[in-house]
Amino acid sequence: MMLRRGFILFLPRLVGLLVVACCLVSIVYMLACTPKGDNQQLALPRVHSPTAKEGYEAILQEREEQHRNYVISLKKQIAQLKAELQGRSEQLKNMQDQYPDPLDIRLDRNNPEKAQANLLAFLHSQIHKAEVHSGIKLSTEYAAVPFESFTLQKVYQLETGLTRHPEEKPVRKDKRDELIEVIELAVGSLNNPEGDSNAKHHVYTASDFVEGIYRTEKDKGTLYELTFKGDTKHQFKKIVLFRPFGPVMKVKNENVNMADTVINVIVPLAKRVSKFRQFMQNFREMGIQQDGRIHLTVVYFGKEQMNEVKSILENTSKSANFKNFTFIQLNEEFSRGKGLDIGARFWKGNNVVLFFCDVDIYFTAEFLNSCRLNTQPGKKVFYPILFSQYNPSIIYGHHDSIPSLEQQLIIKKETGFWRDFGFGMTCQYRSDFINIGGFDLDIKGWGGEDVHLYRKYLHSNLIVIRTPVRGLFHLWHEKQCLDELTPEQYKMCMQSKAMNEGSHGQLGMLVFKQEIETHLHRQKLSSKKT
(Lines give C-alpha, C1' and ligand atoms only; values in the text may rest on other atoms or scores of the structure.)
Protein backbone atom coordinates (compact mmCIF):
# COMPACT_ATOMS: atom_id res chain seq x y z
CA MET A 1 0.00 0.00 0.00
CA MET A 2 2.78 2.41 0.91
CA LEU A 3 4.68 1.36 -2.19
CA ARG A 4 1.69 2.20 -4.37
CA ARG A 5 1.38 5.61 -2.69
CA GLY A 6 5.05 6.26 -3.50
CA PHE A 7 4.54 5.51 -7.19
CA ILE A 8 1.41 7.69 -7.29
CA LEU A 9 3.42 10.60 -5.86
CA PHE A 10 6.23 9.91 -8.35
CA LEU A 11 3.98 9.91 -11.45
CA PRO A 12 3.39 13.71 -11.61
CA ARG A 13 7.15 14.26 -11.36
CA LEU A 14 7.74 11.83 -14.19
CA VAL A 15 5.20 13.53 -16.44
CA GLY A 16 6.63 16.95 -15.57
CA LEU A 17 10.12 15.68 -16.37
CA LEU A 18 8.99 14.58 -19.82
CA VAL A 19 7.26 17.91 -20.53
CA VAL A 20 10.34 19.89 -19.50
CA ALA A 21 12.56 17.64 -21.63
CA CYS A 22 10.36 18.13 -24.71
CA CYS A 23 10.35 21.91 -24.20
CA LEU A 24 14.15 21.97 -23.92
CA VAL A 25 14.47 19.90 -27.08
CA SER A 26 12.15 22.31 -28.96
CA ILE A 27 14.06 25.38 -27.77
CA VAL A 28 17.42 23.86 -28.71
CA TYR A 29 16.04 22.97 -32.15
CA MET A 30 14.72 26.49 -32.73
CA LEU A 31 17.98 28.06 -31.67
CA ALA A 32 19.96 25.72 -33.87
CA CYS A 33 17.83 26.45 -36.94
CA THR A 34 17.71 30.24 -36.47
CA PRO A 35 20.18 32.25 -38.68
CA LYS A 36 23.11 33.73 -36.78
CA GLY A 37 23.34 37.43 -35.98
CA ASP A 38 25.43 39.94 -37.89
CA ASN A 39 28.34 39.52 -35.57
CA GLN A 40 28.40 35.73 -36.14
CA GLN A 41 27.88 35.64 -39.92
CA LEU A 42 30.26 33.54 -41.97
CA ALA A 43 33.18 35.16 -43.73
CA LEU A 44 31.95 34.87 -47.31
CA PRO A 45 34.17 35.02 -50.37
CA ARG A 46 34.54 38.34 -52.10
CA VAL A 47 31.99 39.04 -54.81
CA HIS A 48 34.63 39.65 -57.48
CA SER A 49 36.43 36.37 -56.58
CA PRO A 50 36.46 33.90 -59.46
CA THR A 51 35.46 31.11 -57.03
CA ALA A 52 32.60 32.98 -55.27
CA LYS A 53 29.77 30.83 -56.65
CA GLU A 54 31.53 27.53 -55.90
CA GLY A 55 32.39 28.77 -52.37
CA TYR A 56 28.79 29.69 -51.59
CA GLU A 57 27.55 26.31 -52.81
CA ALA A 58 30.13 24.40 -50.74
CA ILE A 59 29.35 26.36 -47.56
CA LEU A 60 25.57 25.92 -47.97
CA GLN A 61 25.98 22.20 -48.62
CA GLU A 62 28.11 21.82 -45.49
CA ARG A 63 25.57 23.73 -43.40
CA GLU A 64 22.70 21.64 -44.72
CA GLU A 65 24.54 18.42 -43.82
CA GLN A 66 25.22 19.67 -40.27
CA HIS A 67 21.53 20.58 -39.73
CA ARG A 68 20.40 17.23 -41.12
CA ASN A 69 22.66 15.31 -38.71
CA TYR A 70 21.54 17.44 -35.79
CA VAL A 71 17.85 16.85 -36.54
CA ILE A 72 18.47 13.09 -36.70
CA SER A 73 20.20 13.26 -33.29
CA LEU A 74 17.27 15.18 -31.78
CA LYS A 75 14.75 12.67 -33.11
CA LYS A 76 16.71 9.82 -31.51
CA GLN A 77 16.69 11.62 -28.14
CA ILE A 78 12.94 12.21 -28.36
CA ALA A 79 12.36 8.52 -29.19
CA GLN A 80 14.46 7.48 -26.17
CA LEU A 81 12.49 9.79 -23.87
CA LYS A 82 9.19 8.39 -25.15
CA ALA A 83 10.39 4.81 -24.60
CA GLU A 84 11.52 5.63 -21.06
CA LEU A 85 8.15 7.26 -20.27
CA GLN A 86 6.30 4.24 -21.62
CA GLY A 87 8.45 1.90 -19.52
CA ARG A 88 7.87 3.92 -16.35
CA SER A 89 4.12 4.02 -17.04
CA GLU A 90 3.98 0.25 -17.47
CA GLN A 91 6.04 -0.24 -14.31
CA LEU A 92 3.63 1.97 -12.33
CA LYS A 93 0.61 0.13 -13.74
CA ASN A 94 2.09 -3.24 -12.81
CA MET A 95 2.78 -2.08 -9.26
CA GLN A 96 -0.76 -0.72 -8.94
CA ASP A 97 -2.20 -4.03 -10.13
CA GLN A 98 0.09 -6.05 -7.87
CA TYR A 99 -0.39 -3.96 -4.73
CA PRO A 100 -3.91 -2.58 -4.68
CA ASP A 101 -4.94 -0.32 -1.84
CA PRO A 102 -8.18 -1.82 -0.51
CA LEU A 103 -8.80 1.01 1.93
CA ASP A 104 -7.59 3.79 -0.36
CA ILE A 105 -6.21 5.61 2.65
CA ARG A 106 -5.42 9.28 2.14
CA LEU A 107 -4.07 11.15 5.15
CA ASP A 108 -5.17 14.63 4.09
CA ARG A 109 -3.54 17.19 6.38
CA ASN A 110 -6.13 19.76 5.36
CA ASN A 111 -8.90 17.51 6.66
CA PRO A 112 -7.81 16.13 10.09
CA GLU A 113 -11.14 14.44 10.76
CA LYS A 114 -10.99 12.46 7.52
CA ALA A 115 -7.34 11.58 8.17
CA GLN A 116 -8.22 10.29 11.62
CA ALA A 117 -11.12 8.24 10.27
CA ASN A 118 -8.90 6.69 7.59
CA LEU A 119 -6.21 5.87 10.13
CA LEU A 120 -8.73 4.20 12.44
CA ALA A 121 -10.10 2.23 9.50
CA PHE A 122 -6.60 1.04 8.70
CA LEU A 123 -5.92 -0.01 12.31
CA HIS A 124 -9.21 -1.87 12.45
CA SER A 125 -8.34 -3.66 9.20
CA GLN A 126 -5.10 -4.87 10.82
CA ILE A 127 -7.15 -6.51 13.55
CA HIS A 128 -9.34 -8.24 10.97
CA LYS A 129 -6.25 -9.50 9.12
CA ALA A 130 -4.77 -10.97 12.31
CA GLU A 131 -5.86 -14.31 13.80
CA VAL A 132 -8.23 -12.74 16.34
CA HIS A 133 -11.82 -13.58 15.46
CA SER A 134 -11.21 -16.82 13.58
CA GLY A 135 -8.44 -19.26 12.79
CA ILE A 136 -6.30 -19.29 9.65
CA LYS A 137 -5.51 -22.49 7.77
CA LEU A 138 -1.83 -23.36 8.08
CA SER A 139 0.14 -25.80 5.97
CA THR A 140 2.43 -27.22 8.65
CA GLU A 141 3.15 -27.07 12.38
CA TYR A 142 6.22 -24.93 11.72
CA ALA A 143 4.00 -22.12 10.43
CA ALA A 144 2.09 -21.78 13.72
CA VAL A 145 2.65 -18.55 15.65
CA PRO A 146 3.23 -19.34 19.36
CA PHE A 147 1.89 -17.09 22.07
CA GLU A 148 3.99 -15.98 25.05
CA SER A 149 2.67 -16.19 28.56
CA PHE A 150 3.49 -13.83 31.45
CA THR A 151 2.64 -12.71 34.94
CA LEU A 152 3.08 -9.31 36.56
CA GLN A 153 6.71 -10.20 37.26
CA LYS A 154 7.72 -12.68 34.56
CA VAL A 155 7.38 -13.51 30.88
CA TYR A 156 7.46 -17.14 29.72
CA GLN A 157 8.82 -17.22 26.20
CA LEU A 158 10.77 -19.41 23.82
CA GLU A 159 14.36 -18.44 23.10
CA THR A 160 14.52 -20.54 19.92
CA GLY A 161 11.96 -21.66 17.41
CA LEU A 162 10.69 -25.15 16.74
CA THR A 163 13.10 -25.81 13.87
CA ARG A 164 16.24 -25.15 15.98
CA HIS A 165 17.98 -23.94 12.81
CA PRO A 166 20.49 -21.06 13.12
CA GLU A 167 19.78 -20.22 9.47
CA GLU A 168 16.50 -20.79 7.65
CA LYS A 169 13.97 -19.31 5.32
CA PRO A 170 11.15 -17.67 7.23
CA VAL A 171 8.40 -20.29 7.45
CA ARG A 172 6.00 -18.05 9.37
CA LYS A 173 3.85 -16.12 6.93
CA ASP A 174 3.75 -12.95 9.05
CA LYS A 175 7.55 -12.72 9.23
CA ARG A 176 7.96 -13.47 5.54
CA ASP A 177 5.39 -10.85 4.48
CA GLU A 178 6.91 -8.27 6.85
CA LEU A 179 10.40 -8.46 5.33
CA ILE A 180 9.10 -8.48 1.75
CA GLU A 181 7.08 -5.34 2.40
CA VAL A 182 10.08 -3.55 3.94
CA ILE A 183 12.36 -4.35 0.99
CA GLU A 184 9.75 -3.19 -1.53
CA LEU A 185 9.19 0.03 0.38
CA ALA A 186 12.94 0.70 0.47
CA VAL A 187 13.19 0.11 -3.30
CA GLY A 188 10.34 2.56 -3.89
CA SER A 189 12.02 5.15 -1.70
CA LEU A 190 15.33 4.81 -3.58
CA ASN A 191 13.55 5.24 -6.91
CA ASN A 192 11.75 8.35 -5.65
CA PRO A 193 14.63 10.46 -4.23
CA GLU A 194 14.06 13.88 -2.73
CA GLY A 195 15.68 16.86 -4.40
CA ASP A 196 16.34 17.41 -8.11
CA SER A 197 13.57 15.51 -9.92
CA ASN A 198 15.14 16.31 -13.30
CA ALA A 199 18.38 14.47 -12.55
CA LYS A 200 18.81 11.01 -14.01
CA HIS A 201 18.84 8.32 -11.31
CA HIS A 202 19.65 4.63 -11.19
CA VAL A 203 16.51 2.45 -11.13
CA TYR A 204 16.79 0.12 -8.11
CA THR A 205 15.25 -3.33 -7.81
CA ALA A 206 15.15 -5.98 -5.09
CA SER A 207 18.23 -7.61 -6.67
CA ASP A 208 20.29 -4.59 -5.51
CA PHE A 209 19.53 -5.43 -1.87
CA VAL A 210 22.68 -6.46 0.06
CA GLU A 211 21.65 -6.97 3.68
CA GLY A 212 19.37 -5.65 6.39
CA ILE A 213 19.05 -5.60 10.17
CA TYR A 214 16.01 -4.95 12.33
CA ARG A 215 14.97 -4.91 15.96
CA THR A 216 11.68 -4.47 17.79
CA GLU A 217 10.87 -2.54 20.92
CA LYS A 218 7.51 -3.99 21.78
CA ASP A 219 6.02 -0.76 23.13
CA LYS A 220 7.37 1.47 20.33
CA GLY A 221 7.95 -0.22 16.97
CA THR A 222 10.44 -1.92 14.66
CA LEU A 223 13.58 -0.33 13.24
CA TYR A 224 14.94 -1.51 9.88
CA GLU A 225 18.31 -0.67 8.32
CA LEU A 226 18.70 -1.91 4.73
CA THR A 227 21.81 -1.69 2.52
CA PHE A 228 21.72 -1.61 -1.30
CA LYS A 229 24.42 -1.62 -3.99
CA GLY A 230 25.64 1.81 -5.10
CA ASP A 231 26.90 3.11 -8.43
CA THR A 232 30.37 1.62 -7.94
CA LYS A 233 31.83 -1.41 -6.20
CA HIS A 234 32.61 0.38 -2.95
CA GLN A 235 29.54 2.63 -2.82
CA PHE A 236 26.31 1.67 -1.10
CA LYS A 237 22.87 3.07 -0.42
CA LYS A 238 21.46 2.73 3.09
CA ILE A 239 17.78 3.12 3.90
CA VAL A 240 16.49 3.42 7.47
CA LEU A 241 12.80 2.67 8.03
CA PHE A 242 10.63 2.55 11.14
CA ARG A 243 7.28 0.84 11.63
CA PRO A 244 5.50 2.54 14.55
CA PHE A 245 3.02 0.50 16.55
CA GLY A 246 -0.48 1.88 16.87
CA PRO A 247 -2.32 2.28 20.17
CA VAL A 248 -3.75 -0.77 21.95
CA MET A 249 -7.33 -1.33 20.82
CA LYS A 250 -10.06 -3.11 22.75
CA VAL A 251 -11.33 -6.11 20.81
CA LYS A 252 -13.57 -7.83 23.34
CA ASN A 253 -14.83 -7.38 26.89
CA GLU A 254 -16.79 -10.33 28.27
CA ASN A 255 -17.48 -12.27 31.43
CA VAL A 256 -16.36 -15.91 31.39
CA ASN A 257 -18.10 -18.28 33.81
CA MET A 258 -16.27 -21.59 34.19
CA ALA A 259 -18.10 -22.76 37.33
CA ASP A 260 -19.80 -25.65 35.53
CA THR A 261 -17.06 -26.49 33.03
CA VAL A 262 -15.86 -30.03 33.68
CA ILE A 263 -12.50 -31.33 32.45
CA ASN A 264 -12.21 -35.00 31.52
CA VAL A 265 -8.58 -36.02 32.07
CA ILE A 266 -7.84 -39.02 29.84
CA VAL A 267 -4.77 -41.15 30.65
CA PRO A 268 -3.69 -44.16 28.52
CA LEU A 269 -1.72 -46.66 30.59
CA ALA A 270 0.09 -50.01 30.51
CA LYS A 271 1.82 -51.21 33.72
CA ARG A 272 3.89 -48.36 35.32
CA VAL A 273 2.10 -48.73 38.68
CA SER A 274 4.56 -46.60 40.67
CA LYS A 275 4.21 -43.72 38.19
CA PHE A 276 0.43 -44.01 38.30
CA ARG A 277 0.48 -43.87 42.12
CA GLN A 278 2.54 -40.66 41.94
CA PHE A 279 0.16 -39.26 39.31
CA MET A 280 -2.89 -39.96 41.51
CA GLN A 281 -1.32 -38.08 44.41
CA ASN A 282 -1.03 -35.04 42.16
CA PHE A 283 -4.54 -35.63 40.74
CA ARG A 284 -6.07 -35.87 44.22
CA GLU A 285 -4.45 -32.68 45.52
CA MET A 286 -4.83 -30.46 42.46
CA GLY A 287 -7.81 -31.99 40.64
CA ILE A 288 -10.08 -33.19 43.41
CA GLN A 289 -9.28 -31.04 46.45
CA GLN A 290 -8.39 -27.70 44.85
CA ASP A 291 -10.33 -27.71 41.55
CA GLY A 292 -13.26 -30.09 42.05
CA ARG A 293 -14.66 -29.87 38.48
CA ILE A 294 -12.86 -32.86 37.05
CA HIS A 295 -13.37 -36.38 35.73
CA LEU A 296 -10.70 -39.05 35.24
CA THR A 297 -10.74 -41.65 32.45
CA VAL A 298 -8.05 -44.35 32.57
CA VAL A 299 -7.67 -46.54 29.47
CA TYR A 300 -5.63 -49.60 30.48
CA PHE A 301 -3.94 -51.95 28.01
CA GLY A 302 -3.47 -55.59 29.01
CA LYS A 303 -4.08 -57.30 32.34
CA GLU A 304 -0.61 -57.27 33.91
CA GLN A 305 -0.61 -55.02 37.03
CA MET A 306 -4.21 -54.03 36.24
CA ASN A 307 -5.47 -54.96 39.72
CA GLU A 308 -2.87 -52.72 41.36
CA VAL A 309 -3.99 -49.79 39.19
CA LYS A 310 -7.67 -50.41 39.98
CA SER A 311 -6.82 -50.64 43.68
CA ILE A 312 -5.15 -47.21 43.58
CA LEU A 313 -8.26 -45.76 41.91
CA GLU A 314 -10.61 -47.34 44.46
CA ASN A 315 -8.54 -46.16 47.43
CA THR A 316 -8.51 -42.61 46.07
CA SER A 317 -12.26 -42.79 45.49
CA LYS A 318 -12.95 -43.86 49.08
CA SER A 319 -10.52 -41.52 50.83
CA ALA A 320 -11.45 -38.43 48.77
CA ASN A 321 -15.13 -39.32 48.23
CA PHE A 322 -14.49 -39.11 44.49
CA LYS A 323 -16.81 -40.96 42.10
CA ASN A 324 -16.10 -39.16 38.81
CA PHE A 325 -13.80 -41.68 37.19
CA THR A 326 -14.02 -44.27 34.40
CA PHE A 327 -11.81 -47.33 33.96
CA ILE A 328 -11.61 -48.92 30.49
CA GLN A 329 -9.62 -52.10 29.94
CA LEU A 330 -8.38 -53.22 26.49
CA ASN A 331 -6.81 -56.61 25.79
CA GLU A 332 -4.39 -55.46 23.14
CA GLU A 333 -0.99 -53.90 22.55
CA PHE A 334 -0.47 -50.41 23.96
CA SER A 335 -1.28 -47.54 21.59
CA ARG A 336 -1.42 -44.05 23.07
CA GLY A 337 -3.47 -42.63 20.22
CA LYS A 338 -6.06 -45.42 20.38
CA GLY A 339 -6.32 -45.16 24.15
CA LEU A 340 -7.00 -41.42 24.03
CA ASP A 341 -9.43 -41.81 21.12
CA ILE A 342 -11.45 -44.50 22.91
CA GLY A 343 -11.46 -42.51 26.15
CA ALA A 344 -12.71 -39.38 24.38
CA ARG A 345 -15.52 -41.22 22.54
CA PHE A 346 -16.61 -43.17 25.65
CA TRP A 347 -17.94 -39.99 27.30
CA LYS A 348 -21.76 -39.89 27.15
CA GLY A 349 -22.53 -36.60 28.90
CA ASN A 350 -22.73 -33.04 27.59
CA ASN A 351 -19.90 -31.43 25.64
CA VAL A 352 -16.81 -31.55 27.87
CA VAL A 353 -13.24 -30.27 27.84
CA LEU A 354 -10.79 -33.12 27.15
CA PHE A 355 -7.30 -32.99 28.66
CA PHE A 356 -5.06 -35.63 27.07
CA CYS A 357 -2.48 -36.49 29.72
CA ASP A 358 0.25 -39.01 30.65
CA VAL A 359 1.18 -40.50 34.01
CA ASP A 360 4.55 -38.71 34.05
CA ILE A 361 2.84 -35.28 34.02
CA TYR A 362 2.41 -32.96 37.00
CA PHE A 363 -0.20 -30.19 36.76
CA THR A 364 -1.47 -27.45 39.07
CA ALA A 365 -5.00 -26.19 39.69
CA GLU A 366 -4.05 -22.96 37.89
CA PHE A 367 -3.23 -24.98 34.77
CA LEU A 368 -6.71 -26.55 34.82
CA ASN A 369 -8.20 -23.04 34.69
CA SER A 370 -5.86 -22.19 31.80
CA CYS A 371 -7.13 -25.33 30.08
CA ARG A 372 -10.71 -24.05 30.38
CA LEU A 373 -9.97 -20.43 29.47
CA ASN A 374 -8.01 -21.27 26.31
CA THR A 375 -10.56 -23.64 24.80
CA GLN A 376 -13.86 -22.76 23.15
CA PRO A 377 -16.06 -25.13 21.16
CA GLY A 378 -15.84 -24.43 17.45
CA LYS A 379 -13.27 -21.65 18.07
CA LYS A 380 -10.12 -22.55 20.02
CA VAL A 381 -8.00 -25.53 21.08
CA PHE A 382 -5.16 -25.34 23.60
CA TYR A 383 -1.67 -26.77 23.00
CA PRO A 384 0.37 -25.80 26.10
CA ILE A 385 4.16 -26.01 26.02
CA LEU A 386 5.11 -27.78 29.24
CA PHE A 387 8.35 -27.48 31.20
CA SER A 388 10.35 -30.70 30.99
CA GLN A 389 12.43 -31.68 34.02
CA TYR A 390 16.06 -32.78 33.69
CA ASN A 391 17.40 -35.88 35.44
CA PRO A 392 17.35 -34.98 39.18
CA SER A 393 20.41 -37.17 39.77
CA ILE A 394 22.40 -34.91 37.44
CA ILE A 395 20.85 -31.63 38.60
CA TYR A 396 21.30 -32.33 42.32
CA GLY A 397 24.24 -34.75 42.10
CA HIS A 398 26.47 -32.39 44.09
CA HIS A 399 23.85 -32.02 46.87
CA ASP A 400 23.62 -34.19 49.98
CA SER A 401 20.13 -35.32 48.95
CA ILE A 402 17.58 -34.78 46.18
CA PRO A 403 14.83 -32.31 47.18
CA SER A 404 11.16 -33.29 47.27
CA LEU A 405 9.18 -33.30 44.02
CA GLU A 406 7.42 -30.01 44.80
CA GLN A 407 10.79 -28.33 45.49
CA GLN A 408 12.16 -29.61 42.17
CA LEU A 409 9.42 -27.97 40.09
CA ILE A 410 11.24 -24.69 39.43
CA ILE A 411 11.39 -23.07 36.00
CA LYS A 412 15.10 -22.38 35.46
CA LYS A 413 17.55 -23.27 32.71
CA GLU A 414 19.45 -25.50 35.14
CA THR A 415 16.38 -27.58 36.01
CA GLY A 416 14.72 -28.17 32.63
CA PHE A 417 13.58 -26.76 29.30
CA TRP A 418 10.44 -25.79 27.40
CA ARG A 419 9.33 -28.91 25.55
CA ASP A 420 8.25 -27.07 22.40
CA PHE A 421 8.67 -30.15 20.20
CA GLY A 422 6.00 -32.06 22.15
CA PHE A 423 2.29 -31.94 21.22
CA GLY A 424 0.89 -34.73 23.39
CA MET A 425 -0.62 -32.68 26.25
CA THR A 426 -3.58 -30.79 24.83
CA CYS A 427 -7.01 -29.44 25.79
CA GLN A 428 -9.98 -29.26 23.44
CA TYR A 429 -13.71 -29.70 23.54
CA ARG A 430 -14.94 -33.18 22.73
CA SER A 431 -17.07 -31.82 19.87
CA ASP A 432 -13.98 -30.35 18.17
CA PHE A 433 -12.05 -33.60 18.63
CA ILE A 434 -14.88 -35.64 17.06
CA ASN A 435 -15.40 -33.16 14.21
CA ILE A 436 -11.68 -33.07 13.34
CA GLY A 437 -11.65 -36.86 12.99
CA GLY A 438 -9.80 -37.89 16.16
CA PHE A 439 -6.48 -39.74 16.17
CA ASP A 440 -4.96 -41.79 13.38
CA LEU A 441 -5.51 -45.29 14.76
CA ASP A 442 -3.03 -46.83 12.32
CA ILE A 443 -0.15 -45.39 14.39
CA LYS A 444 1.13 -47.92 16.91
CA GLY A 445 3.32 -47.52 19.97
CA TRP A 446 5.05 -44.28 20.93
CA GLY A 447 5.03 -40.96 19.09
CA GLY A 448 3.55 -39.56 15.90
CA GLU A 449 -0.15 -39.62 16.78
CA ASP A 450 0.03 -36.28 18.64
CA VAL A 451 1.73 -34.45 15.76
CA HIS A 452 -0.85 -35.84 13.32
CA LEU A 453 -3.72 -34.46 15.43
CA TYR A 454 -1.94 -31.13 15.87
CA ARG A 455 -1.59 -30.77 12.10
CA LYS A 456 -5.29 -31.48 11.67
CA TYR A 457 -6.12 -28.52 13.88
CA LEU A 458 -3.61 -26.30 12.05
CA HIS A 459 -5.26 -27.17 8.75
CA SER A 460 -8.66 -26.18 10.13
CA ASN A 461 -10.14 -22.75 10.89
CA LEU A 462 -9.81 -23.25 14.64
CA ILE A 463 -7.44 -20.99 16.57
CA VAL A 464 -4.56 -23.02 18.04
CA ILE A 465 -3.30 -21.49 21.29
CA ARG A 466 0.37 -22.47 21.62
CA THR A 467 2.10 -21.03 24.68
CA PRO A 468 4.49 -21.96 27.50
CA VAL A 469 2.61 -22.48 30.79
CA ARG A 470 4.01 -22.36 34.29
CA GLY A 471 1.73 -25.02 35.79
CA LEU A 472 2.44 -28.08 33.62
CA PHE A 473 5.56 -30.22 34.08
CA HIS A 474 6.96 -33.33 32.45
CA LEU A 475 8.62 -35.35 35.23
CA TRP A 476 11.90 -36.99 34.36
CA HIS A 477 11.94 -40.74 33.83
CA GLU A 478 14.35 -43.01 32.08
CA LYS A 479 13.22 -43.36 28.50
CA GLN A 480 13.49 -46.63 26.62
CA CYS A 481 13.28 -46.69 22.84
CA LEU A 482 12.06 -50.12 21.80
CA ASP A 483 13.30 -52.00 18.75
CA GLU A 484 9.69 -52.51 17.62
CA LEU A 485 9.35 -48.81 16.76
CA THR A 486 9.54 -47.68 13.15
CA PRO A 487 12.78 -45.89 12.11
CA GLU A 488 11.04 -42.48 12.27
CA GLN A 489 9.51 -43.21 15.69
CA TYR A 490 12.84 -44.54 16.99
CA LYS A 491 14.62 -41.39 15.83
CA MET A 492 12.05 -39.17 17.56
CA CYS A 493 12.35 -41.23 20.72
CA MET A 494 16.16 -40.97 20.79
CA GLN A 495 16.06 -37.21 20.19
CA SER A 496 13.66 -36.83 23.08
CA LYS A 497 15.86 -39.03 25.27
CA ALA A 498 18.98 -37.00 24.50
CA MET A 499 17.33 -33.73 25.54
CA ASN A 500 15.90 -35.07 28.82
CA GLU A 501 19.09 -35.74 30.79
CA GLY A 502 20.53 -32.31 31.47
CA SER A 503 21.66 -28.94 30.15
CA HIS A 504 24.70 -28.56 27.91
CA GLY A 505 26.76 -27.38 30.85
CA GLN A 506 25.69 -30.26 33.09
CA LEU A 507 26.31 -32.87 30.41
CA GLY A 508 29.64 -31.25 29.66
CA MET A 509 30.69 -31.72 33.28
CA LEU A 510 29.97 -35.44 32.90
CA VAL A 511 31.86 -35.71 29.61
CA PHE A 512 34.94 -33.99 31.05
CA LYS A 513 34.64 -35.54 34.50
CA GLN A 514 37.99 -37.33 34.22
CA GLU A 515 39.81 -34.17 33.16
CA ILE A 516 38.23 -32.22 36.02
CA GLU A 517 39.25 -34.85 38.58
CA THR A 518 42.80 -34.92 37.17
CA HIS A 519 43.00 -31.14 37.45
CA LEU A 520 41.77 -31.19 41.05
CA HIS A 521 44.28 -33.89 41.92
CA ARG A 522 47.15 -31.83 40.47
CA GLN A 523 46.00 -28.77 42.35
CA LYS A 524 45.95 -30.78 45.56
CA LEU A 525 49.49 -32.07 45.01
CA SER A 526 50.70 -28.58 44.16
CA SER A 527 49.25 -27.15 47.36
CA LYS A 528 50.96 -29.84 49.45
CA LYS A 529 54.38 -29.00 47.97
CA THR A 530 54.01 -25.37 48.86
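The values are calculated or read from the model by the stated rules, or taken from the named source; none is laboratory data. Quick caveat: nothing in here was measured; it's all calculated off a predicted structure. Glycine also receives a Cβ, built like all others from the backbone with ideal geometry; neighbour counts cover every protein chain displayed. Heads up: the accessible areas ignore ligands, DNA and RNA and are worked out on the full protein's heavy atoms, side chains in. Shrake-Rupley method; radii C 1.70, N 1.55, O 1.52, S 1.80 Å.
Beta carbons closer than 8 Å, at least 6 apart along the sequence or on distinct chains, pair a first residue in the stretch 208-230 that is under 20 Å from Gly188 (Cβ atoms) with a second that is among the acidic types (Asp, Glu) and modelled with pLDDT of 85 or more for Phe228/Asp208; Lys229/Asp208. Being surrounded by 15 or more Cβ atoms within 10 Å (Cβ to Cβ), modelled with pLDDT under 90 and of a type outside the set (Gly, Ala, Ser) holds for only one residue in Ile385, Ile395, and it is Ile395. Answer yes if at least one residue in the stretch 448-470 is assigned by the TED database to the domain that holds Ser274, open to solvent by less than 100 Å² (accessible area, probe 1.4 Å) and modelled with pLDDT under 85, and no otherwise. Checked the stretch 448-470: at least one residue is assigned by the TED database to the domain that holds Ser274, open to solvent by less than 100 Å² (accessible area, probe 1.4 Å) and modelled with pLDDT under 85.
With respect to the conditions (1) of a type outside the set (Phe, Trp, Tyr); (2) in a helix (DSSP H, G or I); (3) assigned by the TED database to the domain that holds Asn350, Lys524 lacks only one, and its number is (3). One residue stands out among those in the stretch 338-372 that are open to solvent by 20 Å² or more (accessible area, probe 1.4 Å) and among the basic types (Lys, Arg): the one that is nearest to Phe439 (Cα to Cα), which is Lys338. Give me the residue from the stretch 251-278 that is of a type outside the set (Lys, Arg) and in a helix (DSSP H, G or I) and, out of that set, most open to solvent (accessible area, probe 1.4 Å). Ranking the candidates gives Ser274 first. Total residues in the stretch 169-195 satisfying the condition of being open to solvent by 90 Å² or more (accessible area, probe 1.4 Å) and either closer than 16 Å to Lys229 by Cβ or at pLDDT below 75 (or both): the figure is 2. Among the helices (runs of 4 or more DSSP H) confined to the stretch 329-444, there are none with at least 1 residues that are out of contact with any helix residue (DSSP H, G or I) (no Cβ under 8 Å at 6 or more places or on another chain), closer than 16 Å to Asn500 by Cβ and not assigned by the TED database to the domain that holds Tyr457.
Going residue by residue through the stretch 295-308, is there one that turns out to be under 36 Å from the mean Cα position of the chain (by Cα), assigned by the TED database to the domain that holds Leu409 and farther than 30 Å from Gly437 by Cβ? Within the stretch 295-308, none of the residues are under 36 Å from the mean Cα position of the chain (by Cα), assigned by the TED database to the domain that holds Leu409 and farther than 30 Å from Gly437 by Cβ. Within the stretch 400-425, residues that are within 23 Å of His452 (Cα to Cα) sit with their Cβ atoms under 9 Å from residues that are part of a loop (DSSP other than H, G, I, E, B) and among the acidic types (Asp, Glu), at 6+ positions apart or across chains, in these pairs: Trp418/Glu159; Gly424/Asp358; Met425/Asp358.
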